[in-house]
1. Using +1 on the beta carbon of Lys and Arg, -1 on that of Asp and Glu, and nothing else charged, what's the dipole of the stretch 2-137 about the Cα centre, debye to 20?
2. Test of understanding: ordering ILE103, ILE96 by Cβ neighbours within 10 Å, fewest first, what list do you get?
3. Set Lys and Arg Cβ to +1 and Asp and Glu Cβ to -1, take the dipole of the stretch 2-137 about its Cα centre, and tell me which of GLY41, GLY22, MET9 lies farthest positive.
4. At a 10 Å Cβ-Cβ cut-off, how would you order TYR15, TYR108, TYR115, fewest neighbours first?
5. Ranking CYS19, CYS92 by Cβ neighbours within 10 Å, fewest first, what do you get?
6. Could you calculate the contour length gain from LYS83 to ASN113, that is, 0.36 nm times the residue separation minus the distance between their Cα atoms, to one decimal place in nm?
7. Stretch TRP42-ASN104 to full length: gain in nm at 0.36 nm per residue minus the Cα-Cα span?
8. For P(r) over Cα pairs in 10 Å bins from 0, in percent, one of (1) 13, 48, 35, 5, 0; (2) 12, 43, 38, 7, 0; (3) 12, 41, 30, 14, 3 was computed from the structure I shared and the rest are decoys. Which label?
Amino acid sequence: MHLMMSGGMARVERYIKFCVVGGTGMLVDMGVLGLIVSLLGWNLSLGKVLAAEAAIVNNFLWNDRWTFRAPRSGAPGRSRWLKRFLKFNLICLTGIVWSVLLINLQVYGLRMNVYLANFVAITLVSLWNFFMSERFGWGHG
């Protein structure tokens, strides 16, 4: 409901696109996490950080091209793109910290399956990532 009242249909459409992109990021995250933790046997926290960063790169590229593709002002070309990428990465850094804390709490504290715990962590931080990205990353908020 808040999405409708504070930005109209354009915001709802962006949120839906953001969620679709997030779904591709979740697949990237799960795949990288599985590779690092299950196949390589690395530490869960390190694996989660690397998996999340791979998903962030994936999500930035798709969000920049599709979700928030409206014309942007500011520095031309690569400089502008790099600035958006760095902002998106900084915004998502908080999400990574929360994801690592949540996945460890769920796996080691609640004895949840690592992939279910990862899904829950991703879902909980997605709203933070959307609203901050919309407002500060692409300036739509």
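1. On the way: 14 positive and 5 negative charges, 109 e Å.
I would put it at about 520 debye.
2. Going from least to most buried by this count: ILE96, ILE103.
3. Among GLY41, GLY22, MET9, the one farthest towards the positive end of the dipole of the stretch 2-137 is MET9.
4. On the way: TYR15 19, TYR108 11, TYR115 15.
The order, fewest Cβ neighbours first, is TYR108, TYR115, TYR15.
5. Details: CYS19 13, CYS92 25.
So the residues, fewest neighbours to most, are CYS19, CYS92.
6. Contour length minus Cα-Cα distance gives 7.1 nm.
7. 20.9 nm
8. Derived directly from the coordinates: (3).
Quick note: the coordinates plus some simple rules give every number you see, no bench work behind them. The structure presented is a predicted model; accordingly, all values stated were derived computationally and were not measured. We place every Cβ from the backbone using ideal geometry, glycine too, and count neighbours over all the protein chains shown.
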